[in-house]
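A quick write-up on the structure given underneath.
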Amino acid sequence: MTKGPMGPLSGVTVLDLCSYLAGPYGCTLLADLGADVIKIESPQGDMLRQFPSSLPGEARFFLGTNRGKRALALDLKQPEGLAILHRMVETADVLVENFRPAVPARLGIDYPRLKKINPHLVYAGLTGYGDNGPLSEKGGFDQVLQSLTGMAVFQGGGPDKPQLVLGSVLDYFTSALLAYGVAAALFHREKNGTGQYLSLSLLRSALTIQAGRFVWADSEGRDVARDSGTGGLTGIHPTRDGALYISVHSNHFWAALCELIGRPELATDPRCVSMRSRAEYAAELVPELRLALAQRSAREWEEIFGERVPCAAVRPIEDMFDHPQVLAEELVTTLDHPVVGRYRTMTKPIKLSDTPGPAPAAAPAFGQHSDEVLAGYGYSAAEVAALRERGVVR
């Protein structure tokens, strides 16, 4: 059970049957809000545990994706394992799974069946492509959907040079939508008393995250420009030492930039009167900008620009563990893990003043809480031992 200060979802029990990233991290966001999240893994474990990692005995991505949960290893393909899950569903508030659409019914955990056990259950099904349609039974993964939905073309700057957005950005965006949907469904249940089925997919998320481009007026052709880019001045530029990202969307920021790089005359140059004109003449202006930036390092320019020009020296993620702003916001915490030992990691993405919820806890080892969880559902130590002997529980 979650311990510590109350969170908005304290008292809510979430059964997390997900693997990989999008589903598990969505459940972690619910744990951050105080929910008791029980991660239920097959005897093979979450595949994310097997990802390549320099850490001994555990995958870095698994640790970062599954904080604050209790772990139960359960074989749902055995009748006794399914019976255990059904008993847990009786009192659960939320169940989240990310199987292909046909799998839950085959396992006996589909929403129509579980709704009969618990009509108050909020059931979230996360798939690659949705519950219906010709691609629905295909396995969906972050970068597969990026390639399908135009994200790779946009990132690379054209269909002949596609690039992927690294960092599983689509998975993590889907996680946020999952937590948002579950919280909304729980709020609805508070008013109406009934649960419901939530359908999420990476396809749906991939189009949602491109909402600014996913607009096509009847009067437009296929080759219409869908990018709101700023023509090269806003972007990453080389300096004397290191790279620097600069944002000069407005005339105000552009004028400040021109002053601080020692080129104040550019602010009133006819080529620079608007964002569109600067984009039109970017081929001429970018070399002039970079010539000025080459006089100092990225960190020096960052200091000089201060609050007047939005910018950041390009840094590796390792710098964030000790960055003064990150530390001031208390975004890093140190946790203890039974296999890895002590490690530093993210705290929570949202800080609530009155209901902060429990402090972050380490991601669980495989089957770490099996005995504890089953005892909480009325199974005796002897029964658990017998289940483990038969391979139903690990």
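All of the numbers you see were taken from the coordinates with simple rules; none came from a lab. Every value quoted in this text rests on a predicted model; they were computed, and no experiment measured them. Cβ coordinates were reconstructed from backbone atoms using ideal geometry, including for glycine residues, and neighbour counts include every protein chain displayed.
Taking the longest Cα principal axis of the chain as reference, the axis of helix 79-91 is set at about 70 degrees.
Here the chain is treated as a Stokes sphere of Kirkwood radius computed over C-alpha pairs; at 4 °C and 1.567 mPa s its diffusion coefficient rounds to 54 µm²/s. With respect to the chain, whose longest principal axis is taken over its alpha-carbon atoms, helix 169-192 is tilted by about 50°.
Using a/c under 1.5 as the rounded threshold, could you call the range 334-376 rounded, prolate or oblate? The axes a ≥ b ≥ c are square roots of the C-alpha gyration tensor eigenvalues, and prolate needs a/b larger than b/c, oblate otherwise.
Numbers: a/c = 3.65, a/b = 1.38, b/c = 2.65.
Cα axes put the range 334-376 in the oblate bin.
For helix 22-32, report the angle its Cα long axis makes with the longest principal axis of the Cα atoms of the chain; keep it between 0 and 90° and round to the nearest 10°. Here the helix axis deviates by roughly 80 degrees.
If a/c stays under 1.5 just call it rounded; otherwise compare a/b with b/c (prolate if a/b is bigger, oblate if not). Do that for the range 25-153, with a ≥ b ≥ c from the square roots of the Cα gyration tensor eigenvalues. Oblate is the answer for the range 25-153, as a/c is 1.5 or above yet b/c matches or exceeds a/b. Taking Cβ atoms as reference points and 13 Å as the exclusive limit, the residues near Leu291 contribute a net charge of +2, counting Lys and Arg as +1 and Asp and Glu as -1. Using a cut-off of 25 Å between Cα atoms, the listed pairs Lys115/Lys191; Lys116/Lys351; Lys39/Lys116; Lys116/Lys191; Lys69/Lys348 include Lys116/Lys351 as exceeding that distance. Whole-Hz Karplus values for the range 301-313 come out as 4, 4, 5, 5, 5, x, 8, 7, 10, x, 6, 7, 5 Hz, taken residue by residue from phi with 6.51 cos²θ - 1.76 cosθ + 1.60 and θ = phi - 60°; glycine and proline positions read x.
What the phi angles of the range 253-258 give under the Karplus curve with 6.51, -1.76 and 1.60, with θ = phi - 60°, is a coupling list of 5, 5, 5, 5, 4, 4 Hz, glycine and proline written as x. The H on the amide N of Ala71, modeled in the peptide plane, is under 5 Å from the matching H of Lys39, Gln368, His369, each at least 5 residues off or on a different chain. Remark: Glu389, Glu307, Glu280 ranked as Glu307, Glu389, Glu280, counting other beta-carbon atoms within 10 Å and listing the fewest first.
According to the Cα-based calculation, Rg over Rh for the range 9-56 is 1.04, with Rh computed by the Kirkwood formula.
Neighbour counts of C-beta atoms inside 10 Å place Lys39, Lys115, Lys348 in the sequence Lys115, Lys348, Lys39, starting with the fewest.
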